[in-house]
Amino acid sequence: MSSEERLHCVELCPICRGADVLRSTSSPELRGQFQSVQREALLTMRTLIDHALERLAEAETDAEAERDARVQDIPIE
């Protein structure tokens, strides 16, 4: 896959342009540090998403338990 096929961004996007300039003008050490920062940001986002999913699962479990606690079978004689 060529670089043209992978990139689908707005031509004047400041974030993409800044990343292109950084890649083309910086030293290999700075590029490596930038990649490390990107990786850490993505791992942080993954952690936040996992935490949010856990909270949703807990809320669903609590809602089910509450619903079950409110419903009672009353025997009719």
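Values in this text are rule-based calculations from the coordinates and carry no lab data. The structure displayed is predicted, hence computed values, not measured ones. Cβ coordinates were reconstructed from backbone atoms using ideal geometry, including for glycine residues, and neighbour counts include every protein chain displayed.
Structure notes:
- Taking θ as phi - 60° and the Karplus parameters 6.51, -1.76 and 1.60, the scalar couplings of region 39-46 work out to 4, 5, 5, 5, 5, 5, 4, 4 Hz in sequence order, x denoting glycine and proline.
- Note on L48/C13: beta-carbon distance plugged into 1/(1 + (r/R0)^6) with R0 of 35 Å gives a FRET efficiency of 0.90.
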